[in-house]
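Reading through the structure tokens given below for one structure.
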Amino acid sequence: MGTEQLVKKAIKGNDDAFLQLIQTYKVDLYKTALSFLRSEEEALEAIQEVTYRAYKGIRKIKEASYFKTWLIRIMINYCNDQLKSRKRVILNDEMLSSLGVSENHTEMELKDAMLGLDEKSREILTLKYFHDLKIKDIADTMQCPEGTVKTWLNKALKALREKLEEKGGNVNV
Amino acid sequence: MFEKEEEQLTNLKKEFDNVPISLDSIDNAILTGFQKAKADERKSIRKKKSIYSFLAAALLLLGLFSTIRISPAFASYISEIPGMEKIVKMILDDKGRMAAVENKYYQEQGIYDEVGDLKVTIDGTISDEMGIVLFYTIESKEKMNEMMFGDVKIRAKDGTVLDEAFISYGESHHSEKGEYAFSGEIEYFFEVPIAPKEYIVDLKLKNKEFTIPLTLKEFKEKKEYAVQQTMELEGQKIIVEKVTIYPLRAAVKLKMDPNNKKQILQLEDLRLVGENNEVWGGIVNGITASGDKDSDREIYLQSNYFNEPKELYLVLNKAQAIDKENAVVVVDTEKMKILKQPAGNKLSNVRKEDGYLVFDLNVGKHSKYSGMGFGTIKDVQGKEIESHAQSMSADEESNMKRVGIELPILKAEQNPITIELDFYPLWIKGNEKIRIK
């Protein structure tokens with residue numbers, strides 16, 4: 001069964017369809033959470049909360065074809081809220097190793113720079129580069145013209161560049 | 001322009017592709033989140049039950065049968081399907097459902113369950129995304145004098161939770177001489193759209209349980225009209241937001257202006273009118289309205305789904321209304337005295353009868369008046385008193401109706417009690433006509 005049909009069923013209250021959809025995107029969701037929150041435990045908590053929010057909100061979906069963007073955005077919003085509630089993002093070796101990745105400086109800088117961005121920029125960069133979503137899809141879910149999304153995207157990239165330059169290799173870890 | 005940044009971002013994504021993932025932990029997290037949402041849903045269903053709804057009782061008027069014209073084609077269709085005649089008799093007072101049958105939207109079921117010497121058959125259904133009307137027959141080898149369902153529940157075979165909004169199955173079948181079969185209808189409406197698929201109906205009858213599976217075929221799609229226009233009767237404003245035409249009924253979404261001086265109660269006069277003055281009025285037998293009295297409300301009308309006129313209007317000439325300042329009945333149940341009531345003093349002779357608090361209601365010349373519905377009851381401390389039943393006599397001739405509400409035994413210090421009203425035979429008038437299509 002196609003995703004759109006599943007979404008339609010889920011909107012009508014079919015729990016199986018809903019769970020199937022979450023299954024389809026669980027890895028995307030998890031990675032998004034991990035990229036924002038950088039802890040497995042918190043990412044799993046995020047999955048739980050996003051499943052909850054998605055279930056409660058699914059009836060508000062107007063266009064079945066943008067389900068994925070809609071779902072990822074719930075995750076991004078949740079992560080942004082979590083980040084806001086933290087005073088400072090503290091990175092340590094334990095966290096990094098828990099991700100199972102050894103990071104080089106550039107990647108670490110990039111992640112720090114991302115976390116230093118405003119919410120909208122972070123959201124748009126995540127949607128575009130992390131989930132390879134099309135500008136049109138993003139525009140439709142955000143209910144704004146494609147041109148606006150492009151402007152935001154440019155602003156976000158510019159802000160990112162500034163952040164990276166600001167750091168200039170001077171990484172405080 | 002930002003090639004370097006874009007490349008870095010793409011690399012970052014690739015990096016996450018290699019992150020080890022515990023799918024089991026993710027699945028557990030999904031399940032926990034899902035169960036939390038389900039628990040909330042069940043809680044909200046319980047809460048929703050306190051929302052008021054209006055029920056209209058069928059008045060069996062002899063003249064009714066002669067006023068319905070049936071085309072020869074329809075008549076022959078009726079005769080083709082066994083048992084169709086009795087079903088048509090049940091929906092004669094609803095043009096929308098008659099048209100649904102005429103347009104072959106009625107779905108034959110013919111599935112039964114037998115327990116002991118009782119047999120319950122679901123003869124057929126008419127359904128749309130918001131509701132199911134079931135037509136049933138109860139049969140017995142012995143003559144039955146009275147029969148009434150104790151409980152009716154519909155559930156989805158695949159376990160999907162249904163947000164049921166209103167259920168009406170309360171018809172009590174009665175026969176002095178005894179009958180071998182009774183037929184009736186059950187209405188089941190939902191808060192959230194349902195899907196056409198397999199359902200299971202659980203019915204309780206005489207402490208016996210019957211289980212009958214149903215398969216609902218594809219529903220016809222609703223037709224929605226955004227309206228956003230205001231109707232005004234004697235300065236009281238009613239905002240019509242939307243009209244949605246479903247096969248089973250038309251739903252008119254209204255909002256009461258918070259600045260209204262009067263509280264608007266029943267809108268039994270609201271109707272849809274086509275360009276040739278064909279009228280689709282309120283639901284005569286079943287659920288007539290739901291929502292919140294002072295703000296958002298939905299009024300249900302007979303559906304014009306299958307007879308689509310070129311032009312469609314919403315028309316209103318009167319509405320029951322009482323002053324907001326004086327919108328409740330206050331009764332001292334110790335002294336059996338009405339201390340306060342809306343203008344007109346239409347309620348009188350308060351008394352207790354078989355666990356009911358009963359009033360006489362003077363409806364004046366409106367002898368066909370059949371409004372019924374007391375709202376919340378509160379004691380003197382403002383604590384809600386639970387009541388589960390209401391009654392109304394339907395003596396056609398008299399201008400005095402008997403209206404009652406079930407009341408538990410109260411302590412003297414709970415007096416006086418305050419009862420909200422969902423009806424009152426006082427009307428505001430006007431001449432409103434809004435074009436919908």
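The values are calculated or read from the model by the stated rules, or taken from the named source; none is laboratory data. Please read all numbers here as calculations on a predicted model, not as lab measurements. Backbone-built Cβ (ideal geometry, glycine too); neighbour counts: all protein chains shown.
Of all residues in region B:232-260, how many are closer than 14 Å to B:Leu301 by Cα, assigned to a strand (DSSP E or B) and not aliphatic (A, V, I, L, M)?
Qualifying residue count for the region: 3.
Say whether the condition of being within 19 Å of B:Ala250 (Cα to Cα) and at pLDDT 85 or above is met by at least one residue in region B:57-77.
no
Considering only residues that are small (Gly, Ala, Ser) and at pLDDT 80 or above, which ones fall in region B:1-54?
The first filter runs over region B:1-54 and keeps only residues small (Gly, Ala, Ser), leaving B:22, B:25, B:29, B:33, B:37, B:39, B:44, B:50, B:53.
Residues satisfying the conditions are B:Ser22, B:Ser25, B:Ala29, B:Gly33, B:Ala37.
Look at region A:14-46 and say how many of its residues are without any contact (Cβ under 8 Å) to a residue 24 or more places away in the chain, crowded, with 20+ Cβ neighbours inside 10 Å and more than 17 Å from B:Pro20 (Cβ to Cβ).
Looking only at that region, the number is 2.
Conditions first: (1) part of a strand (DSSP E or B); (2) closer than 29 Å to B:Ile126 by Cβ; (3) over 18 Å from the mean Cα position of the chain (by Cα); (4) polar (S, T, N, Q). B:Gln263 passes all but one, so which condition is the exception?
Answer for B:Gln263: the failing condition is (2).
Look through region B:190-212, keep the residues that are among the β-branched types (Val, Ile, Thr) and within 10 Å of chain A (Cβ to nearest Cβ), and return whichever of them is nearest to the chain's Cα centre (by Cα).
Once the filter is applied, the top-ranked residue is B:Val192.
State which residue pairs qualify: first residue free of Cβ contacts under 8 Å to residues at least 12 places away in the same chain and inside region A:60-77, second residue of a type in the set (Gly, Ala, Ser) in any location, beta carbons under 6 Å apart, and separation of 6 or more residues or different chains.
none
Condition check ((1) within 30 Å of A:Met108 (Cβ to Cβ); (2) not charged (D, E, K, R)) across all residues:
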site	(1), (2)
A:Gly13	no, yes
A:Gln20	no, yes
A:Leu29	yes, yes
A:Ser35	yes, yes
A:Glu42	yes, no
A:Glu45	yes, no
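Run down B:Gln236, B:Gln228, B:Gln263 and say which single residue is polar (S, T, N, Q) and buried (at least 23 other Cβ atoms within 10 Å of the Cβ). Don't jump to the end; show me each part of the working.
On the way: B:Gln236 fails: buried (at least 23 other Cβ atoms within 10 Å of the Cβ); B:Gln228 fails: buried (at least 23 other Cβ atoms within 10 Å of the Cβ).
None of the other options fit; the residue is B:Gln263.
So which of B:Asp151, B:Asp123, B:Asp163 is outside the structural domain of B:Ser290 (by TED's automatic domain parsing), at pLDDT below 85 and under 21 Å from B:Gln109 (Cα atoms)? Before you say what the answer is, go through the steps one by one.
Values: B:Asp123 fails: at pLDDT below 85; B:Asp163 fails: under 21 Å from B:Gln109 (Cα atoms).
The match here is B:Asp151.
Scan region B:15-33 and report the pairs whose first residue is within 7 Å of chain A (Cβ to nearest Cβ) and whose second residue is of a type in the set (Asp, Glu) and assigned to a helix (DSSP H, G or I), with Cβ atoms within less than 7 Å and a gap of 6+ or a chain change.
If the second residue must be of a type in the set (Asp, Glu) and assigned to a helix (DSSP H, G or I), the pairs left are B:Glu15/A:Glu107; B:Gly33/A:Glu49.
Quick grid of which residues meet (1) hydroxyl-bearing (Ser, Thr, Tyr); (2) within 14 Å of chain A (Cβ to nearest Cβ); (3) in a loop (DSSP other than H, G, I, E, B):
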site: B:Ala100; (1), (2), (3): no, no, no
site: B:Gly110; (1), (2), (3): no, no, no
site: B:Thr121; (1), (2), (3): yes, no, no
site: B:Ile126; (1), (2), (3): no, no, no
site: B:Phe135; (1), (2), (3): no, no, no
site: B:Ser140; (1), (2), (3): yes, no, no
site: B:Asn145; (1), (2), (3): no, no, no
site: B:Gly159; (1), (2), (3): no, yes, yes
site: B:Glu176; (1), (2), (3): no, no, no
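Can you find a residue in region B:271-285 that is surrounded by fewer than 20 Cβ atoms within 10 Å (Cβ to Cβ), part of a strand (DSSP E or B) and on the phi > 0 side of the Ramachandran plot?
There is no residue in region B:271-285 that is surrounded by fewer than 20 Cβ atoms within 10 Å (Cβ to Cβ), part of a strand (DSSP E or B) and on the phi > 0 side of the Ramachandran plot.
For the subset of region A:110-136 comprising residues that are more than 20 Å from A:Tyr78 (Cβ to Cβ) and part of a helix (DSSP H, G or I), which member is nearest to the other protein chains (Cβ to nearest Cβ)?
Step one: filter region A:110-136 for residues more than 20 Å from A:Tyr78 (Cβ to Cβ), giving A:110, A:112-113, A:132, A:134-136.
Pick out the ones that are also part of a helix (DSSP H, G or I) and you get A:110, A:112-113, A:135-136.
Numbers: A:Leu110: 5, A:Asp112: 12, A:Ala113: 9, A:Ile135: 14, A:Lys136: 18 Å.
Among them, the one singled out is A:Leu110.
Considering only residues that are under 12 Å from B:Leu248 (Cα atoms) and crowded, with 21+ Cβ neighbours inside 10 Å, look in region B:110-129 and name the one that is farthest from the chain's Cα centre (by Cα). Explain how you work it out, then say what you get.
Step one: filter region B:110-129 for residues under 12 Å from B:Leu248 (Cα atoms), giving B:125-129.
With crowded, with 21+ Cβ neighbours inside 10 Å added as a condition, the list becomes B:125-128.
On the way: B:Thr125: 17, B:Ile126: 15, B:Ser127: 14, B:Asp128: 14 Å.
The extreme case among them is B:Thr125.
Would you mind stating whether B:Asn285 is within 28 Å of B:Lys346 (Cα to Cα) and touching a residue at least 12 places away in the same chain (Cβ under 8 Å)? Can you show your working first?
Values: within 28 Å of B:Lys346 (Cα to Cα): yes; touching a residue at least 12 places away in the same chain (Cβ under 8 Å): yes.
It is true that B:Asn285 is within 28 Å of B:Lys346 (Cα to Cα) and touching a residue at least 12 places away in the same chain (Cβ under 8 Å).
Taking the condition modelled with pLDDT of 90 or more, within 14 Å of chain B (Cβ to nearest Cβ) and in contact with an Asp or Glu (Cβ under 8 Å, 6 or more places away or on another chain), does A:Lys26 pass?
yes
In the list B:Phe182, B:Phe219, B:Phe210, which residue meets the criterion of being aromatic (Phe, Trp, Tyr) and outside any strand (DSSP E or B)?
Values: B:Phe182 fails: outside any strand (DSSP E or B); B:Phe210 fails: outside any strand (DSSP E or B).
Exactly one residue qualifies, and that residue is B:Phe219.
Could you go through region B:365-376 and let me know if any residue there is more than 24 Å from the chain's Cα centre (by Cα) and either outside any loop (DSSP other than H, G, I, E, B) or modelled with pLDDT of 90 or more (or both).
The answer is no; no qualifying residue exists.
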